[in-house]
1. Regarding PHE110, is this residue modelled with pLDDT under 95, more than 24 Å from ASN7 (Cα to Cα), loosely packed, with under 15 Cβ neighbours inside 10 Å and outside the structural domain of GLU5 (by TED's automatic domain parsing)?
2. For the range 98-120, what are the residues that are closer than 27 Å to LYS50 by Cα and either assigned to a helix (DSSP H, G or I) or small (Gly, Ala, Ser) (or both)?
3. Looking at (1) surrounded by 13 or more Cβ atoms within 10 Å (Cβ to Cβ); (2) not assigned by TED's automatic domain parsing to the domain that holds ASN123, find the lone condition where ILE10 falls short.
4. Give me a count of the residues in the range 45-97 that are of a type in the set (S, T, N, Q) and outside any helix (DSSP H, G or I).
5. Considering only residues of the range 14-31 that are part of a helix (DSSP H, G or I) and surrounded by fewer than 10 Cβ atoms within 10 Å (Cβ to Cβ), which is nearest to the chain's Cα centre (by Cα)?
6. Quick one: which residue in LEU6, LEU61 is at pLDDT below 90 and of a type outside the set (S, T, N, Q)?
Amino acid sequence: MNLEELNKKIEKEYNEYLSGLGSSKKVNHLKEIQEFDNSMNKFWKEKYPKMSFDEKKKYWLASTHKGMRTQGEALGDEYSEFSKGWYDFAKEHEPDFDEIFDYVTKHLGFEFDWEEYSKRIEN
């Protein structure tokens, strides 16, 4: 199963889950999602910009390491977390992302495949 098929399957199962919830549980569930989204937006708008350059490097290193490990274990493809949308999001929130990511790839603890990464962020 490729990533697109997996995403469609997850979306279908999530919609089935939502339709099976009672109205009050559904409202609570959607409220929790909104609160999470608000928390993430607050992080990117308020907390992240105040981080030092070193803190940003540590953030991206931890996030990338965890993401690649999780994707590798779940899908057998560590690079499936990278996409054009992911890269655009990163660049939108971090103008120096390419410099930071160069640091990240040198400190992941394994050899980073730049060719594979480049293919993923171009599409």
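The values are calculated or read from the model by the stated rules, or taken from the named source; none is laboratory data. Since the model is a prediction, treat every value here as computed from it, not as a measurement. For neighbour counting, all protein chains shown are included, and Cβ atoms are generated from backbone atoms with ideal geometry for every residue, glycine included.
1. Working: modelled with pLDDT under 95: yes; more than 24 Å from ASN7 (Cα to Cα): yes; loosely packed, with under 15 Cβ neighbours inside 10 Å: yes; outside the structural domain of GLU5 (by TED's automatic domain parsing): yes.
In short, yes.
2. Filtering the range 98-120 for residues closer than 27 Å to LYS50 by Cα gives 98-108.
Once the filter is applied, which keeps residues that are closer than 27 Å to LYS50 by Cα and either assigned to a helix (DSSP H, G or I) or small (Gly, Ala, Ser) (or both), the range 98-120 yields ASP98, GLU99, ILE100, PHE101, ASP102, TYR103, VAL104, THR105, LYS106.
3. (1)
4. Pass one, the range 45-97, residues of a type in the set (S, T, N, Q): 52, 63-64, 70-71, 80, 83.
Applying the additional criterion that residues be outside any helix (DSSP H, G or I) yields 52, 83.
Summing the residues that are of a type in the set (S, T, N, Q) and outside any helix (DSSP H, G or I) in the range 45-97 gives 2.
5. Within the range 14-31, the subset part of a helix (DSSP H, G or I) is 14-20, 23-31.
Next, only the ones that are surrounded by fewer than 10 Cβ atoms within 10 Å (Cβ to Cβ) stay: 16, 19-20, 23-24.
On the way: GLU16: 24, SER19: 27, GLY20: 28, SER23: 30, SER24: 30 Å.
In this case the residue turns out to be GLU16.
6. Working: LEU61 fails: at pLDDT below 90.
Going through LEU6, LEU61 in turn, the sole match is LEU6.
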